[in-house]
Structure formats: structure tokens, C-alpha cells
Amino acid sequence: MKFDTPALDNPIDRTRVIGRPTDRIDGPAKVTGTAPYAYERNDVAPNAAYGWIVGTGISTGRIVRIHTKEAEAARGVLAVVTYENAGKLAKAKAHTARMLAGPDVQHYDQAVALVVAETFEQARAAAKLVRVEYAPNKGRFDLAAEKENAIKKDSQVGPADTATGDFPAAFARAAVTVDATYSTPDQSQSMMEPHATIAAWNGDELSLWTSNQMIAWAVRDTAETLLIAPEKIHVSSPYIGGGFGAKLWVRADAIMAALGARAAKRPVKVALSRPQIPNNTTHRPATIQRVRIGAGKDGRIDAIAHESWSGDLPDGDIETAAFQTRLLYGGANRMTAHRLATLHLGEGNAMRAPGEAVGHLALEVAMDELAEKLGIDPVQLRILNDIQHDPEKGPERPFSSRKLVECLTVGAERFGWAKRNPKPGQVRDGDWLVGMGVASAFRNSPTQDSAARVGVDAKGLITVETDMTDIGTGSYTIIAQTAAELMGVPIERITVKLGDSKAPVSSGSGGQWGANSSTSGVYAACMKLRGELAKKAGFNVNEAVFEDGQIRAGGRNISLGEAAGPDGLTVEDKIEFGDMQKKFAQASFGAHFVEVGVNAVTGETRVRRMSGVFAAGRILNPKAARSQVIGAMTMGVGAALMEELVVDKRFGYFVNHDLAEYHIPVHADIPNQEVHFLEELDDKSSPMKAKGVGELGICGAGAAVANAIYNATGVRLRDYPLTLDKVLEGLPSIV
Amino acid sequence: MPDEPAPSPTGGPPDDPLFFCDPTTRRVFLTRAAGASAAVTLGHGLFSGPDAQAAVQAEAGGGEAGGEEEVTLLINGRQTKLRLDPRVTLLDAMREHLQLTGSKKGCDHGQCGACTVLVEGRRINSCLSLAVMHDGDKITTIEGLGTPAAMHPMQAAFVKHDGFQCGYCTPGQICSAVGMLAEIKAGIPSHVSADLLGEMSASEEEIRERMSGNLCRCAAYSNIIAAVREVSGDKTGGEA
Amino acid sequence: MKAFTYERANTPAAAVKALAARPDTKFIAGGTNLLDLMKLQIETPEHLVDINRLGLDKIEPTPEGGLRIGALVRNTDLAADSRIRRDYAVLSRALLSGASAQLRNKATTAGNLLQRTRCPYFYDTTKPCNKRDPGSGCAAIGGFTRNLAIMGTSEACIATHPSDMAVAMRVLDAVIETVAPDGTTRAIPIAEFHRLPGNTPHIETTLGPNEMITAVTLPPPLGGLHIYRKVRDRSSYAFAVVSVAAVMQKNGRNRFAFGGLAHKPWRVEEAEKKETAAAVAEAVLAGAHTTPQNAFKTLLITRVLTSIFAQAAA
């Protein structure tokens, strides 16, 4: 099914199942511990041996020699795989660094060996017996120092630079200006399930039971790495313990498990250990961002510029931190630019809302700074600068739907924004300085082609198969809701099978496109199935109503099972998105309101209240969508207050590489979070009329925290995370 | 309170639904363990594959480092005798030797809480405990609390309030929540208890502090609090 | 984790005997720190003696009017003991601010005293560390030092002691009781128990090689206002950036001990005679050796002390 014109009224609009806060259909399995994650697939590989990855001890250089004899002789050891015996490997195009080091070392804790043994304990112990001699190189690890050497490089998702009008001139003549530089640190996705894979060979065919967000990419990249045909690879990933971008790509666990299984001639299971994850896998790269905004005294922006510097390994990609600034506010004169420095830290890559998550931490604080200079309420300033079309491309590219203003006004009302004292440092509650902050939320809402197979059996039971993944997003449930809605059956009659490469290729889970795209793929397949069932039953499909497990038309009705026939009926289709994204700017919007307390003694910041209003097209399942949003808001709190992979610029690695030292928010950090979705249907986005919501919640959440800290204390911080030591310096003396 | 150590939080009677499961729910590993459904005590010999091979090796190694120790675990009401490398943690004994994969390995270093189980009614990180240290201990895992068809009230509340997303920290959160309510019931204070000598409540603030040993990166925190509050029945101390 | 052999001891005498019987033997009780370190092969004992069933899990009154806390009393039980809550609230508070409930349910009193540093370079075996690998150097110096020590540091080590409990015990003048394989017992004042790093940061306490902690004794209650203020980067489940244990008395005989400053719980008795927070802070922090990353700790300590004085005066 092509989607190249706006959606008309369609069966999804009935909203008998879709749009309802249905409990997750995978819930009972997850809460009882019976949903099997990758490392737990004893059902498919009961005799798997255990692999343990040895990481490199240097950040860049060359392996001189690897001593494996001692490890090989250790009790229980079945194989030791290194680049010397792994066979020919290539680097997949999607990978910046290779999954197995040798002879070159590209970053710290890059896999240098896999030790396979009968037991986990044996493999882990023997891994310590692998000794590697290195010839280290001097690497580059300091973004600030490398800023001057950074180059212009386009991203896969857009150009590095854009410019409209004459920014320098407009900025120079602006009545009120802000020119501020912000920094954000490297961050770790830190999903709770480590990367894990069981690999098994059957002849030249490879099966990977793994934890991966993008099944088709996993097949492709595994094939490219191992130099085998993609048809020979089977990937299964039905349950995924979180990804946040870290599992967009097959990583060392999968590749090394495959190599280990080949060497040991047995299935091999490999999980990255938690302390390996930050350096071995991908991370969100640090940025330095300069934002300049020029406005008239009336608050209207006339000039806006956002520049970002980030680093990555050679041949890496930019962090697209200025992308939201291309679309969020009006202003005739604008420019954005991204520069990429070479850094020999691990691979910089996607983490929830790549670009926008950190871009908002700069832009939305700059807006707060501008509001203060103008003496205009920060909510009003944002409303004033709303724009209903792509400000770079002009009115010929309108937004498909955009309710930023409503998000801000409804949010302000719900939160009690009017009670905010605009003068910072005025409100006190015991030892706590109290402040409120606001930020807009903007996240592009891309779509990806997505296919599904839908079958109905003789009993009228429906099965949906697609390689779509559920990383906690609720895919199982919204896909079931979609199929139930379209086929006119209760959700209990739907079985959803996800995450298997034998199923049609879906959008996968990434870029907050998954929900909208994958349900649209299911929509396409269901519509095709409806057509064929109607035809088989002798109905005119345009007249046929699918309801209560029946097909009805012309005073006649027939059950789905009967229509399907004794052998059932299965079809496959795919949603193919045309140029609607070109014609219309498509994004989801929101507004964050945060109240913080900053301890007047210690500078510790604690979030007291969080409230957000969001417009993201049709909300397919308000319960799951709300969960997505509160989760992202929490990650935004983490980014604002505590998350930082600390770079040791001497050794070239992330020092705090475990969950004791890399802090993510805990229960006690997060107050009640209020989420409100605006009614919105976006007929330009897909037949589902939905938009992305999974990453929207992180965009702006951290900036609202930062702005609230300023309102509480009068301390304007621009270097994240906003830890107590930074706040402390600016606090007034206490006695 | 008398002058003695705090009572064990296992104070509840055996039929207290917070602490014990329905006997019909105790099937989980038996049905998965190579068809040994009739066995009450699972000896090592019932397993095939690497376990059996490891056993042979270990006996050859007898008494040396790398050998094995006998341990009897009482998990979810089911007694199991195992011979284990003493390096095997309680978590890995369950996940890799007993097919009880409900308890999760998130960090293996006591930094996340995904491996939380109840030992003698107390929640602990099973990743930081050796299986051999638990000889004879009564252990309850997520599988022992309930099944998809017969969920424990805490499990049902997590589904109802969407107290999870990816589900990986969830078994730990649920076991922790069950243990936590028992701790409150036993009068054990927390960091946020305003009065160390006062009554302990299951207020939102208390639950947040007491559940902070269970990380959730999907950050279903607000929903988990709602689920736990519902099960606790505590109506006091809600958000102002 | 290196392979080891395991035995379970049933009496303290048997435990110390087992400890002395073989080289590279360690006790395991809660295991919450030891197993963490064994998995990384920072600790590599060849033999473990499980002491969980020695019965040293009671809290009993002493003839002097204090309390004798068995070495194996779990952190949760110690924090929840009604006598501790009533008479030694600073200790209860310190315990409750540490780790997580799960860890406190396992971690023992003696094990908590023997916790090893959280210095990230100590934890990364690819980096030099004099504490982990004597003579290899200190990667922390010149590196990420924000959370590391500013008092009593040496050229060899700038690690901190991570315990909250020990800070409170230091302010309470707890005494550590031990037994040796020959049955000799010792009572070590906590002030003399933890060492500064000097040139031997791998030797962290004055415990003898085959000695076992059997109990920690608290002197009779001090009365006064008990405060444990822990400053940290998130609200819970985080090590202290700094912490202050204070017992404030109306007669001005205040006591302060500090966490997050040094290789041991930091206390300067002389400083306690000063009458203002600023003067106490100045005396406590005399000789501080800070880096640009951790210099804020001096300001933080001063501010927290100021706030504690204010609280006591209120």
C-alpha cells in the first residue's frame, strides 16, 4: 500500500480498540518472568557453551601479540577466538569501528578475544588469562581541544549546514541578543538488559537469538561482517530489555557469539558485562553548542543560529544537535552548522532522540535566557515565535500538524505556571530554593516502510507477523489493537509474533518511527486481508463491514473463519511512504513544565513536579504512550542532573563505566509525572494518523529542569550535567 | 518496640498472599527441566548437556579449586539438590542451572536490582551471593509469586498500572516491592522516615526511597509507585 | 572470578583457624563487596570461608551501658534496632543512607567496615593502582578526581573510604573487637582501625592477617542531637560526595566525622572545640590537598557544617 496522499476516513477511525488504554498483551509474561530474553533461550539452544569477551586495554594502537595458550589450557575452555583465527571479517557499513580488534585497536574495550568454555564461570576466569601486548598510539580524546580541527560532514539524516536569509546582519542589528555556549557530555543508553546473543550454526546457516531493535539491519550487518549471504542468517529477538538506540546495530555480543559458535562447533551464548558496555558499545557523543538568537523588543526572533561540535571515531557521524532549530521557531534569518572532530573514544551513535535530546538542552535554555533579557514570560516568548511551516523552506512546506502553542498554553494552565515568580532566587521552602522552568518539546516524526503478514484461520483467530520489535514501546499491544480494530474482532483473538527475520521486514524500532510505521504496515496487510476475505465471500469490499468477528454486507453476514475457509487465509503487504515527508514537515510537539528544589546548603537539585502536554497525532494506546513519555522525561532529568560518561583524556576511555558510577535516575529522583495528550489526528503522517511519541518526552525535559534551577537560584548553568558542585559556586552564603 | 533486633520481615503467616505463592504456580522450572515433571527433588543427573559434563569434570577435580560443592536450594517451595562450582552465584544457579530465568542479570554487580529475589522473605541481590551460601535457604523468585494465569496481586498491579516497559527490571522490581512492604510492616525505617521511632507508612515518598535499589531505565517509576501503593492499601502520605 | 575452594565455618574459632590454615583465604559474609571485586579479579582468594552461620548476629547491651554489635549483624537489622534508633540515631541514619535495601539486607557490620574504595581506577584492572597492584602507580592522580580524597592523601593513593556506617561509628568512638587464631582478642578503637594510604594503600586497616572481627562495641549513648547529612549526586543509591556525621550537644561538646574526604572516616577531635562552623571546617580541612575537580568539597563541608550548627541552635 502506497501512502502518498492524506489519509481519508478509514476503519481505524472507529477507535473501538485503537486509541484505548489497553493493558499490554505481553504484560503477564513480563511480570511473571516468563518472557524469555535473548540469553535465556534455553529452549532453542539447550547445550550452549558460554562466551566471555576480552576487551582491549588501550584506546588506540596495534596489537603486537596475543597470548592465548594459558586460556586455552584452562579448565573447561573450548575455544579462544581472536582476529588471528577468526577467519576473514569485514566491517559492516553501519559500524564505525570493527566488532573485533586486530591488528589495529580502535577504542578502549573493543573486543580483542572471545573465550568459550563449558560454563560461564570458566569462560570469565579464562578470559583473564588472555594476555595482549600492544603498541599504543597517541589518540585524541578531548572534544574542546579538537574543536578547531573539526570538519564539516553531512549526516545520514540531513546536511551539516543550512542557512536562510542573512543571519550575521540580522543578529548584528537585533535589539536583544543571546549568544551562549553550552556543553553536553557523552552519555550511555544504559538499558537494563545488557547486549546478549546466543549463536548457533547449522552448516553454513547462522541463527542469532539476540536483543536487537532492527532485525533487518541485524541480518544485513551480520552478513556484511561475516561475509556470508543474508539468506543464511536467521535473527530472532522477541523480547528486548531496552535499547534506547544501543541495540539498533548488531554488536560484539552477536558477532563474537557467531565466531565462538563456529570455533567451538556448538551454540555459544555471550552477554556483554555491564562494565564493558559504555566503552565497548555505542554512546551518545558529547557536544559543544553555540546558540545565538536575535529578537526585536516585541520578542519576535529575527535571527537564530545554532552550531554544534561533536566527535566520533574516524568515518563516524555528527550528533545532529541543531536539527530542531531548523524547524522549531520562526525567524527570517537563520543558520545551523555541525562540525565533527576525530576522537578515539568508542563509537558515537544514536541514543533516544539523537540530536534533539541534546539540542534542546542548549536551544531551550537559550530561549529562557532570551525571555529574561526581553522581560517576556518564557511561555509567551515561545508562543510568539511559533510558525506553522518549515521556516527554512517557506510556506510551501507546512507542518502536517503542529500544536505547540496549545501544548504550551494547556500545559501552563495545568501546571500552575502563573504562580511562578519570574525573578530568580525568591521562593524558599525550608532548606530548598524552589523554581519553575519550561521548555518546548520538538521531535521529528519520520516514517519508514513497514511490512506485515496477517492471517486468519478457520476459527477466525488472527495472527500478525512482522519483524517489528518491542523494546518496551508497546509494539505487541498496539499492533494487536490495530489488527483487532481492522478485522473487527476482540484483541484476545489476535496473536502477534515479533522480532523474527523470517517475518516481513518492518520499520523496526528507532527514531520514534516504530509505532506509527509498523502499525501502518499492519494496517496495509489487514486492508489487503479484508479485501481478499470479502472477495472470497462474494462481498463488495467497499461495502463490507468487519465487526464482531463477522463480515457483513448487503444484509448477509459470514464469520471471518468461514470466509477464510478451512485452510485459512494469509496475506502480506507493506506500507510504502511516498513524498509526504517532503511535502509536509512532520514532527510531534510538546511543552514541559518542571518544578525543582535546589538545596540551599548543598546545591543538590531534586525535581519536585513534572508536567507535560504533548501532541503526537493519534495516540494509539494512551497507557503505553504515557509510559513512553514519562520514561523519556526521566531520561531528560538524568541528562540535566547526573548523566555523564567521564572521559579520561590521558588513557582515552570512559572512566565511570558501570551503573554505580554512571548515574541514571532512581525511584527517589522522580516525582509524580503528569502527562496530557492533546487530541490530534495527522492525516499526512500515515493511515493511522499517528506520529512518533517515544522520543518526544526527552526533548526539552532536561532544559526545563535547567531553567527551573535558574529560576530557583539565579545560577545559570550551561555545562551539563548540572551537578551540585556547579550549582554550589553560585549559591548565596547560608548564614 | 522491645529492645531486640528488628523482626524478620517474614513475619506473615504462610497463607499471606504477599509472601507465598499458590502451589499450582510452582511448576515453572519443572516443566522446562528436561521433562522431569514427576521429580520433587531434582538431582544433577536429571540434566543433560553441559551440566552433566561439568559434573564429571568436577568430580575428577575433587576438592581443588574449580571443583564442585553440593548445595540444596529450596526455591519456590521446591527442593533442589545441585552440585555447583562454588563460583556460581545464586542468580546464575537459578538462570543457568535451574532454568529459572525470571530473575534478571542487569549488571551482575549489585548496581541495578534486576536480580532481586526473596531469601527467607528478605529481598537481596542474587548476583552478589554465592549459591553455596544458601544451602537450605527458602528462596522465592518471580516465578514463585505467580504465573500469567494466576498472578500475584503485585504482578497484576504492575500490569494494570503499566509498571514496566521493556520488562527486564520488572521481576526484580516486583520481588523488591513484595519484600519492601514486608519491611514496612516489620517497622524497618528508611532514609526518608522523618521519625526513626515512629510508625512506618507506605507513603509515596517512602516507597520511592525504599525501591531505589531497583533501576528502571524505561523509567516506569511513577507507574510502579502507583502499583505498589495499590497493593499496599496505604492511603496516607500521597502527593500533596 | 578465579576458582576457589569453599568451606563453611560454624564457630568463630573454627573460622579463624580456617583463615590461618591456607594462604589467600578470605572470609565471606554478605559478599556484597567481595563478590563484586572477585568477579573483576580485583580480589582473587583461593579459599573462601563462609562465616554467615557463626551466630555473631546479636546486638547486646554491654556492662558499661553501651551496645555490642555482632560482626554479622546485617545493616538493615542494625539500622532498625530500636536501641540504635533511639540512642545512636546517627548510626541508624548513616546506615539507611547507604546502598540499597537489598544490599543492606545482606551487608554485615564487619564487612561494611572493610569495604574497599569505589575509586574507578581501582575498579579498572587495565589501569595502574597501588591499592590493587602495589607499586604499579596511581592512575587517579591527574585523572578523574571529583569524588576522590582531599584529606590525608599520599603520592601513592587518593582513594576514599566509601562507607557511611563507618563515619557514624567514628563519631561514636566505636571499638572493633577481634579474635586471632590463638584465641587472643583485641579491642581496636575505630580511630586506629582504618589507615591512611601512605606508601601502602593496599593495607587499609590495622587488622592482623589472620584476625577476625567479632563485634563492634558502642560506648554508652552520648545523647545530644544526632545528624547524618549525606550529599550525593542522586537522591538515593549513590555513594556520598561528602557526608557529615554529627552529634551536637547543648554544652558545645560537639562531634563531627566526615565521609568522602579521605581514605578513612575523617575526624579531627581538636577541631570539635571550635565554636563556629567556619572554624570547625577550617580546622577539619587543614592541609587539604585538592584538585580543581574536588576543591568544591571544602566549600560543601563548610556549608553543611554551617547548616548543622544552625539546626542544632534552632
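The values are calculated or read from the model by the stated rules, or taken from the named source; none is laboratory data. No experiment lies behind these values; they were computed from the predicted model shown. All Cβ positions, glycine included, derive from the backbone under ideal geometry; neighbour counts span all protein chains shown. For the accessible areas, the whole protein counts, side chains as well, though only heavy atoms, and no ligand, DNA or RNA atoms are used. Shrake-Rupley method; radii C 1.70, N 1.55, O 1.52, S 1.80 Å.
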### Task
Give the residues of the stretch A:535-548 that are surrounded by fewer than 23 Cβ atoms within 10 Å (Cβ to Cβ), touching a strand residue (DSSP E or B) at 6+ places or on another chain (Cβ under 6 Å) and either on the phi > 0 side of the Ramachandran plot or among the aliphatic types (A, V, I, L, M) (or both), sorted by residue number.
A:ALA537, A:VAL545
### Query
Among A:ALA49, A:ALA71, which is the only one that is surrounded by 17 or more Cβ atoms within 10 Å (Cβ to Cβ), within 14 Å of chain C (Cβ to nearest Cβ) and among the aliphatic types (A, V, I, L, M)?
A:ALA71
### Message
Looking at A:GLU680 and the list (1) more than 22 Å from A:GLU406 (Cβ to Cβ); (2) open to solvent by 10 Å² or more (accessible area, probe 1.4 Å), which single condition is not satisfied?
### Response
(1)
### Task
For A:GLY55, state whether it is at the interface with another protein chain (Cβ under 10 Å from one of its Cβ atoms), open to solvent by less than 40 Å² (accessible area, probe 1.4 Å), out of contact with any Gly (no Cβ under 9 Å at 6 or more places or on another chain) and under 30 Å from B:TYR168 (Cβ atoms).
yes
### Query
Where residues in the stretch B:219-240 are open to solvent by 10 Å² or more (accessible area, probe 1.4 Å), assigned to a loop (DSSP other than H, G, I, E, B) and not acidic (Asp, Glu), which of them is nearest to B:VAL117 (Cα to Cα)?
B:GLY233
### Query
Hey, among A:VAL358, A:VAL365, A:VAL454, which residue is crowded, with 24+ Cβ neighbours inside 10 Å and touching a Ser or Thr at 6+ places or on another chain (Cβ under 6 Å)?
A:VAL358
### Query
Can you list the strands (runs of 3 or more DSSP E) found entirely within the stretch A:558-672 that contain at least 2 residues being facing chain B (nearest Cβ under 10 Å)?
A:605-615
### C:THR306 vs. criteria polar (S, T, N, Q) and not in a helix (DSSP H, G or I)
no
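Rundown of residues vs (1) open to solvent by 10 Å² or more (accessible area, probe 1.4 Å); (2) charged (D, E, K, R); (3) at negative phi, yes/no style:
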| position | (1), (2), (3) |
| --- | --- |
| C:LEU113 | no, no, yes |
| C:PHE122 | no, no, yes |
| C:CYS129 | yes, no, yes |
| C:ASP133 | yes, yes, yes |
| C:GLY137 | yes, no, no |
| C:ALA149 | no, no, yes |
| C:ALA156 | yes, no, yes |
| C:HIS161 | yes, no, yes |
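Test A:ALA412 against the criterion of being assigned by TED's automatic domain parsing to the domain that holds A:LEU724 and open to solvent by 60 Å² or more (accessible area, probe 1.4 Å), and give yes or no. Reasoning before the result, please.
Working: assigned by TED's automatic domain parsing to the domain that holds A:LEU724: yes; open to solvent by 60 Å² or more (accessible area, probe 1.4 Å): no.
No; evaluated as a whole, the condition is false for this residue.
Kindly indicate whether any position in the stretch C:85-93 is part of a helix (DSSP H, G or I), more than 8 Å from chain B (Cβ to nearest Cβ) and open to solvent by less than 10 Å² (accessible area, probe 1.4 Å).
Let us first name the residues in the stretch C:85-93 that are part of a helix (DSSP H, G or I), namely C:85-87, C:89-93.
Pick out the ones that are also more than 8 Å from chain B (Cβ to nearest Cβ) and you get C:87, C:90-91.
With open to solvent by less than 10 Å² (accessible area, probe 1.4 Å) added as a condition, the list becomes C:90-91.
Yes, that holds for at least one residue.
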### Message
Suppose the filter is open to solvent by 10 Å² or more (accessible area, probe 1.4 Å), in contact with a Gly (Cβ under 6 Å, 6 or more places away or on another chain) and under 30 Å from A:GLN156 (Cβ atoms); does A:ASP109 pass it?
### Response
yes
### Query
farther than 30 Å from C:ALA278 by Cβ, in contact (Cβ under 8 Å) with a residue 40 or more places away in the chain and small (Gly, Ala, Ser): does that describe A:GLY702?
yes
### Query
If A:GLN512 passes every condition in (1) surrounded by 19 or more Cβ atoms within 10 Å (Cβ to Cβ); (2) assigned by TED's automatic domain parsing to the domain that holds A:LYS30; (3) farther than 22 Å from A:HIS360 by Cβ but one, which one does it miss?
(3)
### Query
In the stretch A:13-32, what residues are surrounded by 24 or more Cβ atoms within 10 Å (Cβ to Cβ) and touching a Lys or Arg at 6+ places or on another chain (Cβ under 8 Å)?
A:ILE18, A:ARG24, A:LYS30
### Message
Step by step: first the residues of the stretch C:65-84, then only those that are in contact with a Pro (Cβ under 6 Å, 6 or more places away or on another chain) and assigned to a loop (DSSP other than H, G, I, E, B), then the one that is nearest to C:LYS230 (Cα to Cα). Which residue is that?
### Response
C:ASP81
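Filter the stretch C:165-176 for residues that are part of a loop (DSSP other than H, G, I, E, B) and out of contact with any Phe, Trp or Tyr (no Cβ under 7 Å at 6 or more places or on another chain); which is surrounded by the fewest Cβ atoms within 10 Å (Cβ to Cβ)?
So in the stretch C:165-176, the residues part of a loop (DSSP other than H, G, I, E, B) come out as C:172-174.
Still in the list and also out of contact with any Phe, Trp or Tyr (no Cβ under 7 Å at 6 or more places or on another chain): C:173-174.
On the way: C:ASP173: 18, C:ALA174: 28.
It comes out as C:ASP173.
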### Query
Since C:LYS264 meets every condition but one in (1) open to solvent by 20 Å² or more (accessible area, probe 1.4 Å); (2) away from every other protein chain (no Cβ under 14 Å); (3) not in a loop (DSSP other than H, G, I, E, B), which condition does it not meet?
(3)
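Determine which member of the set A:LEU404, A:LEU370 is more than 27 Å from the chain's Cα centre (by Cα) and surrounded by 24 or more Cβ atoms within 10 Å (Cβ to Cβ).
Details: A:LEU404 fails: more than 27 Å from the chain's Cα centre (by Cα).
On inspection, the qualifying residue turns out to be A:LEU370.
One line per residue, one yes/no per condition, for (1) within 14 Å of chain B (Cβ to nearest Cβ); (2) more than 17 Å from the chain's Cα centre (by Cα):
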position	(1), (2)
C:GLY98	yes, no
C:ARG118	yes, no
C:CYS129	no, yes
C:PRO134	no, yes
C:ILE141	no, yes
C:ASN147	no, no
C:GLU155	no, yes
### Task
Check the stretch C:66-84 and report whether any residue there is within 30 Å of A:LEU129 (Cβ to Cβ), at pLDDT 95 or above and either at the interface with chain B (Cβ under 10 Å from one of its Cβ atoms) or crowded, with 21+ Cβ neighbours inside 10 Å (or both).
no
## Note on the structure
Scanning the stretch A:558-589 residue by residue, those touching a strand residue (DSSP E or B) at 6+ places or on another chain (Cβ under 7 Å) and on the phi > 0 side of the Ramachandran plot turn out to be A:GLY568
### Message
Which pairs turn up if I take residues in the stretch C:166-178 that are free of Cβ contacts under 8 Å to residues at least 24 places away in the same chain and over 16 Å from C:GLU272 (Cβ atoms) and look for partners that are of a type in the set (A, V, I, L, M, F, W, C) and open to solvent by 10 Å² or more (accessible area, probe 1.4 Å) with beta carbon separation below 9 Å, at least 6 apart in sequence or on another chain?
### Response
none
### Message
Please pick out the residue among A:ALA79, A:ALA86 that is closer than 14 Å to A:ALA252 by Cα and in contact (Cβ under 8 Å) with a residue 24 or more places away in the chain.
### Response
A:ALA86
#### Entry: Members of the stretch C:19-48 found to be more than 11 Å from chain B (Cβ to nearest Cβ), aliphatic (A, V, I, L, M) and buried (at least 20 other Cβ atoms within 10 Å of the Cβ), listed by number
C:LEU19
### Message
Just to verify a result, which residue in the stretch C:283-303, among those that are over 17 Å from C:ARG255 (Cβ atoms), in contact (Cβ under 8 Å) with a residue 12 or more places away in the chain and part of a helix (DSSP H, G or I), is nearest to the other protein chains (Cβ to nearest Cβ)?
### Response
C:LEU300
